[in-house]
Amino acid sequence: MSRLNAANLEIAREIMSRYPVVRSATIPLLHLSQEQNGYVTREAMQQIAELVESTAAEVYGTASFYEMFKFEPIGKYCVNICRSISCHLVGGDDLVEHAEHVLGIKPGGTTADGLFTLEAVECMAACTEGPTLQVNYRHRFRVTHQDFDQLIDDLRAGRLDAEIPPHGTLARERQHIPADKAAGNVSPDTPITPAWMEAAQ
Amino acid sequence: MTTYPWAAGYVAGDRPQIVTSRFHYEDSYTLERYLASGGYEGLKAALAKAAPAVHEDVKGATVLGRGGAGFPAGTKWGLTPAGKYPRYLVVNGDESEPGTYKDRLLMERDPHQLIEGCLIACYAAGLSQCFLYIRGEMALAHERVGRALNEAYAAGYVGKNILGTKFSVDIALHWGAGAYVVGEETALIESLEGKRGEPRLKPPYFPAAIGLYGQPTIVNNVETLSNLPWLLCNGVEAYTAIGTQTSPGTRMVAVSGHVKRPGVYEIINGTTTFRDLLYGDEFCQGIRNGNELKAFVPGGGSAPWFTPEQLDLPFEGRLVGAAGSMLGSGAIMVMDSTTDIPKAALSLTRFYAHESCGQCTPCREGGTWLERILSRICDGHGTSSDLDLLIEVGTSICPGDFPHASSTKLGLEATPFPYKMTTICFVGPSAYAPVHSALTLFREEFEAKIVKRTSIPVTVGH
Ligand SMILES: Cc1cc2nc3c(=O)[nH]c(=O)nc-3n(C[C@H](O)[C@H](O)[C@H](O)COP(=O)(O)O)c2cc1C
Ligand code: SF4
Ligand code: FES
């Protein structure tokens, strides 16, 4: 089942309601479908196109621009090691090599048991704390080779399940705007001077 | 001089704190802590004045943009066409320039401060709706900002008739999905419209005139907006009393690479020198292992490099610009005497080549070629014509004089920043910047890697 299920469809509609132009919800909805299925399927893109009043080709055009969207299943844990300059200067490349050795895969590959996908990625905004990696977009800092081995062990044994959800789940807390508190969308087609600006004039 | 396990990298010191004042609290991201430490008082102070007066405060304080270009926020807000509504606010939380680490900390550690900053900006500049765009790869920042927004809505700080006034604005949390170029403001807008993150041409697409959905739009960086609550609470005079006239207040800088203590520091703007930062006791305490400093990048991966000769320059945009580089996003990367310069240049150039959106030929093809040529040099397969080829490819992206730091050793005059370019955005030139700096300053290291071939090598069978 790769279209959004009923519960997620409801979440999708809530996300869409936060934009005055519904197509803006494209990327958030792609994330939602990746959260449900682990990757972005054709059917999901078709459905998203219907929801955001676009075409499947356009949704795919958008999705394929962004590296976080996967179009086939990947490992339960996406292990991203930073290879950009600050991490490079303090051993990021060695860590990538070590990871290749430990996991027995090259960047872009997935282990046979479907647990790990390895990626060598660019700067993840933790440059003073290199070498840096992320597992499903959760950071680890100043990672030694021993730290890496321990991390893989812990993930295998499920010891980090509470902290690191499976690939696809980004934030576990969603934004929710209560109907009675919402200011409401402001459409580009309604040239209204904001009330507090009128008062100021 | 203290660090906190919950704010990895941040180093506090005995200096004024404008944006990091709550980092010492473990629970700094909760509404409870925020309110207990002066939170939302800046918003109240703003709402007690007419919107134009708040705008005047921000102008008067010369709050410089912290996202890269250093443009004064108050001036930018004034560039929207008079009377044209609706206007939008798009918050740039896409931090991904190599070496840059500050916005993520601000979002994770003090999300309410950012939200309050957004509200003050919307009020002052008449912005009707706000979209807070957070880089996709920052799961914790999403959680923290999402939760903070939920708390703020419930408590009446965001949404309809904020604090019982006529001021109403929604803030929507938006996700990115992994693309560096989306940090460029027009690409950010394209992305927020649900499209590929390809930068638009300026002119005509200056966001303040034609931005989100074709409407006037203000794009501001997370750190820029995070300054506003303090400014409104403490006033223009207190703000400009810190730093210099042209660079008031503080700045978040990340110093990474070969220093004893890399870290994120909130420094006094305009006066702190690079020497203070790299060698000072309250900062990085010198080069690791007692090594010599070879070079440093003063303002993010795209900035032309400095050598020890420029250590005494202060962290001040105009001076650093005149010296041939830029402060950019407050990222300083330090390379000691053990650094393999061609490899370091390759790491940087590969980044920009990889992140090219592909619209402009000089960037798409040129960046890729720079990466390939550097790669083969680093792998020991370079030829003597490769160094000229690097410059030829680079000049097709940036014709004319390229800015560089003066170096008496090489008899160079500083050429002021910025450069001429044949591309829509700065990603193309950024691919060449590290190559140009490295080749100008350390040509001999490239030459040492070039194979001096007398005949075509023949692979011998195993
Ligand atoms: C290639 C490129 C990437 C950029 N990335 C970022 C970024 O990640 N975050 C950011 O705030 N500004 C970034 N900028 C600068 C923005 O275009 C824009 O100037 C800034 O967000 C404006 O905010 P400010 O005036 O508050 O600094 C980038 C610019 C370019 C050319
Ligand atoms: S310079 Fe590069 S990244 Fe920027 S618009 Fe052109 S091709 Fe895209
Ligand atoms: S260079 Fe590795 S996190 Fe920035």
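A few notes on this one:
- Computed about the Cα centre, the dipole magnitude for the protein assembly as shown is approximately 780 debye when only Lys and Arg (+1) and Asp and Glu (-1) carry charge, each at its Cβ.
- Helical segments meeting 30 Å axial Cα length and Kyte-Doolittle 1.6 threshold in chain A (DSSP H): none
- Relative to the longest principal axis of the Cα atoms of chain B, the long axis of helix B:111-125 makes an angle of roughly 70 degrees.
- Built amide H within the under 5 Å cut-off of residue B:402, gap 5+: none
- Selection from A:96, A:71, A:31 lying farthest towards where the dipole of segment A:1-102 points positive, charges on Cβ: A:31
- Taking max minus min of the alpha-carbon positions on each principal axis, chain A gives extents of 62, 45, 31 Å, largest first.
- Over segment A:77-157, relative contact order from alpha-carbon pairs under 8 Å, at least 6 apart, %: 37 percent
- Gap separating the Cα centres of segment B:377-413 and segment A:122-192, nearest whole Å: 39 Å
- Carbon and sulfur %, accessible surface of the protein assembly as shown computed with the full protein complex present, 1.4 Å: 52 percent
- Tilt relative to chain B, helix B:139-154 - C-alpha long axis, 0 to 90 degrees, to 10: 10 degrees
- Cysteines in chain A that, by Cβ-Cβ distance, have no pairing candidate under 4.7 Å: A:78, A:123, A:127
- Distances between placed amide hydrogens fall under 5 Å for residue B:71 paired with B:65, all partners being 5 or more residues away or on another chain.
- Contact surface B-A: accessible area buried, both sides summed, square angstrom, 1.4 angstrom probe: 6200 Å²
- Extension reserve of the residue B:35-residue B:392 stretch, reckoned as 0.36 nm per residue once the Cα distance is removed: 122.8 nm
- Net dipole in debye of segment A:130-188 [+1 Lys, Arg Cβ; -1 Asp, Glu Cβ; about Cα centre; nearest 20]: 180 debye
- Using a Förster distance of 30 Å, the FRET efficiency for residue B:271-residue B:443 (Cβ separation, nearest 0.05): 0.30
- Within the shell defined by Cβ-Cβ distances under 11 Å, the residues around residue A:153 carry a net charge of -1, with Lys and Arg each +1 and Asp and Glu each -1.
- Per-residue Karplus couplings for segment B:317-323, computed as 6.51 cos²θ - 1.76 cosθ + 1.60 with θ equal to phi - 60°, are listed in order as x, 5, 5, 5, x, 5, 7 Hz, Gly and Pro entered as x.
- Anisotropy class of segment B:38-186 from Cα gyration tensor, a/c 1.5 cut: oblate
- Across segment B:160-204, Cα pairs under 8 Å and at least six residues apart give a relative contact order of 24 percent.
- Most positive-pole-ward Cα, A:160, B:311, B:220, against dipole of the protein assembly as shown from beta carbon charges: B:220
- Sites listed here are trypsin sites (Lys or Arg not before Pro) in segment B:50-111 whose DSSP assignment is loop and whose Cβ has at most 15 other Cβ atoms within 10 Å: B:84.
- Within chain A, the longest segment free of exposed loop sites, counting trypsin sites (Lys or Arg not before Pro) that fall outside DSSP classes H, G, I, E and B and have at most 13 other Cβ atoms within 10 Å, spans A:1-158.
- Cα-based shape type of segment B:138-250, given that a ≥ b ≥ c are square roots of the gyration tensor eigenvalues and the cut on a/c is 1.5: oblate
- Acute angle (nearest 10 degrees) that the helix B:341-355 long axis makes with the longest principal axis of chain B, alpha-carbon atoms: 50 degrees
- In the context of the full set of protein chains, the protein assembly as shown has a per residue accessible area of 36 Å² (1.4 Å probe).
- Put simply, the protein assembly as shown fits an ellipsoid with semi-axes of 38, 30, 24 Å; these come from the alpha carbon gyration tensor as the roots of five times its eigenvalues, largest first.
- Overall form of segment B:199-304 per C-alpha gyration tensor (a/c, 1.5; a/b vs b/c): oblate
- Segment B:215-291 and segment B:10-82 have Cα centres lying 14 Å from one another.
- Estimated dipole of segment A:54-201 in Debye, rounded to 20 [Cβ of Lys and Arg +1, of Asp and Glu -1, Cα centre]: 220 debye
- Length-normalised contact order for segment A:1-77 - Cα pairs under 8 Å, 6+ apart - percent: 31 percent
The values are calculated or read from the model by the stated rules, or taken from the named source; none is laboratory data. Predicted, not measured: the structure shown is a model, and the values here were computed from it. Note that each Cβ is placed from the backbone with ideal geometry, even for glycine, and that neighbours are counted across all protein chains shown. Each accessible area value is taken on the protein alone, full model and side chains, heavy atoms only, with ligands, DNA and RNA left out. Shrake-Rupley method; radii C 1.70, N 1.55, O 1.52, S 1.80 Å.
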